[in-house]
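First the structure, in the form of structure tokens, and then the observations on it.
The values are calculated or read from the model by the stated rules, or taken from the named source; none is laboratory data. It should be emphasised that the depicted structure is a prediction, and the values quoted were computed from it without experimental measurement. Cβ sites come from the backbone with ideal geometry, for glycine too, and all protein chains shown count toward neighbours.
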Amino acid sequence: MTPHGRTAEDSLSRNDRLGRTAMFQVRFHGRGGQGVVTAAELLASAAFREDRYAQAFPSFGSERMGAPVMSFCRIDGKPIRTHEPVTDPDALLIQDPTLLHQTDLFAGLKPGGYVLLNSARSFGELGLADLADLAVEQDRNRFRTLSASNLAMAHLGRPLPGAPMLGGLAALTGVVGLEAVLAAIADRFAGKVAAGNAAAARAAFEFVASELARERADA
Amino acid sequence: MLKQIEGSRAVAEAVATCRPQVICAYPITPQTHIVEALGALVKKEELNAVFMNVESEFAAMSAVIGASAAGARAYTATASQGLLYMSEAVYNAAGLGLPVVMTVANRAIGAPINIWNDHSDAMSQRDAGWIQLYAETNQEAADLHIQAFRIAEELSNPVMVCMDGFLLTHASERVDLPGQEQVDGFLPPYEPRQVLDPQDPVSIGAMVGPEAFTEVRFLAAERMRQALELIPAVAADFAGQFGRPGGGLVRPYRTEDAELIVVALGSVLGTIQDAVDELRDDGIRAGALGITTFRPFPAQAVRETLDGGHRLRRLVVIERALAPGSGGIVTADVRGAISAPDGRPPHPADTIISTVVAGLGGRAVTRKSLRAMLTSAARGDLPPFSFLDLRQDLVESELARIRAARRSGPSAENILRHLSVTGIG
């Protein structure tokens, strides 16, 4: 059983998509200073630890604090040759909900793709009823909000949502395991920062996994 | 050791294992992470080198020239305007025959100012007398640096390793970084051909008049001829010792039976290979030819690859830099290469060459656009000279503005204004 309560058989077909035999592409949206580039690099590092090929890169601008920034991560079971930008992501990680009104965040999202939005509120509460409807239409379990900044404040003491967003992504998609995310964090950071990020990622993973399990049980 | 690592960091670590004794550089985007990482290694005493801070790129190249002439293994890195600013000294390093190794994190040249990737910078120095190697991946970028020091020192000629700014320098990819012992086994300590030594004084860099300048230049050409033999030999030795290919003169991909071959340099080759596979699935016999060594230009290797597929009819040369008024820099060399040295006509005689300017100033070169362009090339619809993904509407509106009024204003700013208006409207 996976953390999602799915059977091994489901898991196999999921694996076909999740960057094991086919490429899985993630686009990160955030603001300069929120660790958007670091988050993409951590995801690549986590995939590498699971013996897959990964490529992470920023949106190559003149980065400024607070300006909208993007980063990208590709994961595949075979070497990645392309160096083009990610235009049709399998998953979107939106680290700052205030971007929803500025940028076309959902451009190119693949049908059946995943969205993880950093917010303590639901899509409906955020005034994103359309998005909530779309989520239900597609698969409500693929569109989630997660209060990553609050988790980061609680465990790290700083509102840097990258690590909990990755924990949430791991639970939501299974594209990488939590252990790989934690190992990538341990490799990147040291001391209290490493411990805080790891705790926030774990808490996010458990939150999303338990929400998914609860909703399945309800269904 | 296999790592998931940023390209700049991988290059810094690879350069560190080459034991440079003097590193001298001035930071410029997108090269900065490389010299930052090397500076940190020196500070942590993980690398025993002198790290010189200087006030400009001109000073950086001048200092590595001095260090190299004093017998030190010397390294620098730059990009774009920085490369232009050091240009006089770039020529001097080659003219003096000093085996400096420099990374160029390829970036456009202004104006208009642009920090993004293309090959304008390195291409501007292609005839400065340096060997120029272009990396396809971050693995190759790391490996090329290890080979570069050996090539430079064996020939006593500087080597420029070009890697695409941002696309490679800022991308985290899987890189196998060799250990110190492995690199030590491949790269012997620097034994200078010429050295400034107070115990045995010589002059380096004297004025040379008409009586001997031509002969000194002939020897520069001769070193490049020798490089054409040495570079594949070093690449083969590298492959033997490190267990993976990398470097060399050219890199053919599915060219054996190809009727359409794309020629390119740098990281765009990966995207091109994906496009070639898609074209093959469409029934088009496509292939790609990567040029790893651009200077000296490997004319014979290019010719042999293109001659190999006797059915070849179409050649598309991707230019990551524009030569205004002439068109394609790489195209000119490729065209020269497929004319045999004895002046015979190109083989096959009816090969059609198209130049496609692509990826200027950070414009993404996508598989989708490449595939569409190459499909039209296969149909015979591709013009001899074109720009990939050109916004024709923007160009035409600015041309109309220029025709309409004498004081039409600055074109770059006009186009930007036009873009934001259409963006809002």
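May I ask you to say which residue of B:278, B:256 is touching a Lys or Arg at 6+ places or on another chain (Cβ under 7 Å), touching a residue at least 40 places away in the same chain (Cβ under 8 Å) and not polar (S, T, N, Q)?
Just a single option satisfies the conditions, and that option is B:278.
So which residues in the stretch B:9-18 are more than 12 Å from chain A (Cβ to nearest Cβ) and part of a helix (DSSP H, G or I), if there are any at all?
B:10, B:11, B:12, B:13, B:14, B:15, B:16, B:17
Return the pair list, or none, for Cβ contacts closer than 8 Å from residues in the stretch B:45-56 that are in the same structural domain as residue B:78 (by TED's automatic domain parsing) and at negative phi to residues that are basic (Lys, Arg) and in a loop (DSSP other than H, G, I, E, B), at least 6 apart or on different chains.
Between residues of the stretch B:45-56 that are in the same structural domain as residue B:78 (by TED's automatic domain parsing) and at negative phi and residues that are basic (Lys, Arg) and in a loop (DSSP other than H, G, I, E, B), the close pairs are B:47/B:19; B:48/B:19; B:49/B:19.
So in the stretch A:55-110, with the set limited to residues that are of a type in the set (Lys, Arg) and more than 11 Å from every other protein chain (Cβ to nearest Cβ), which one is farthest from residue B:8 (Cα to Cα)?
If we take residues in the stretch A:55-110 being of a type in the set (Lys, Arg) and more than 11 Å from every other protein chain (Cβ to nearest Cβ), then A:110 is farthest from residue B:8 (Cα to Cα).
Of all residues in the stretch B:253-311 being away from every other protein chain (no Cβ under 14 Å), among the polar types (S, T, N, Q) and assigned to a loop (DSSP other than H, G, I, E, B), which is farthest from residue B:229 (Cα to Cα)?
B:255
Hey, among the residues in the stretch B:273-325 that are of a type in the set (S, T, N, Q) and buried (at least 18 other Cβ atoms within 10 Å of the Cβ), which one's modelled with the lowest pLDDT?
Going through the qualifying residues, I end up with B:305.
Considering every residue within the stretch B:117-139, establish whether at least one is crowded, with 16+ Cβ neighbours inside 10 Å and more than 30 Å from residue B:357 (Cβ to Cβ).
No: zero hits.
Looking at the stretch B:233-257, which of its residues are at pLDDT 95 or above and in contact with a Ser or Thr (Cβ under 9 Å, 6 or more places away or on another chain)?
B:235, B:247, B:248, B:249, B:250, B:251, B:252
So residue A:21 fits all but one of (1) in contact with a strand residue (DSSP E or B) (Cβ under 7 Å, 6 or more places away or on another chain); (2) among the β-branched types (Val, Ile, Thr); (3) assigned to a loop (DSSP other than H, G, I, E, B); (4) more than 10 Å from every other protein chain (Cβ to nearest Cβ); what number is the exception?
The number of the failed condition is (1).
Run residue B:125 past the list (1) among the polar types (S, T, N, Q); (2) away from chain A (no Cβ under 14 Å); (3) over 13 Å from the mean Cα position of the chain (by Cα) and report the number of the one that doesn't hold.
With respect to (1) among the polar types (S, T, N, Q); (2) away from chain A (no Cβ under 14 Å); (3) over 13 Å from the mean Cα position of the chain (by Cα), residue B:125 is out only on (3).
Find all pairs meeting these conditions: Cβ atoms under 9 angstrom apart; at least six residues apart or on different chains; first residue within the stretch B:162-175 and more than 9 Å from chain A (Cβ to nearest Cβ) and part of a loop (DSSP other than H, G, I, E, B); second residue surrounded by 24 or more Cβ atoms within 10 Å (Cβ to Cβ) and of a type in the set (A, V, I, L, M).
B:169/B:11; B:169/B:34; B:169/B:79; B:169/B:105; B:169/B:141; B:169/B:163
Just to check your reading of the model, which residue among B:206, B:239, B:235 is free of Cβ contacts under 8 Å to residues at least 12 places away in the same chain and farther than 18 Å from residue B:98 by Cβ?
Every option except B:239 fails the conditions.
Do we have any residue at all in the stretch A:119-126 that's closer than 22 Å to residue A:33 by Cα, within 14 Å of chain B (Cβ to nearest Cβ) and either over 14 Å from the mean Cα position of the chain (by Cα) or crowded, with 17+ Cβ neighbours inside 10 Å (or both)?
No, the stretch A:119-126 contains no residue that is closer than 22 Å to residue A:33 by Cα, within 14 Å of chain B (Cβ to nearest Cβ) and either over 14 Å from the mean Cα position of the chain (by Cα) or crowded, with 17+ Cβ neighbours inside 10 Å (or both).
What number of residues in the stretch B:19-65 are part of a loop (DSSP other than H, G, I, E, B) and of a type in the set (D, E, K, R)?
Residues that pass the stated criteria total 5.
Can you name the condition, by its number, that residue B:251 falls short on among (1) closer than 16 Å to residue B:156 by Cβ; (2) buried (at least 18 other Cβ atoms within 10 Å of the Cβ)?
Only one criterion in (1) closer than 16 Å to residue B:156 by Cβ; (2) buried (at least 18 other Cβ atoms within 10 Å of the Cβ) is unmet by residue B:251, namely (1).
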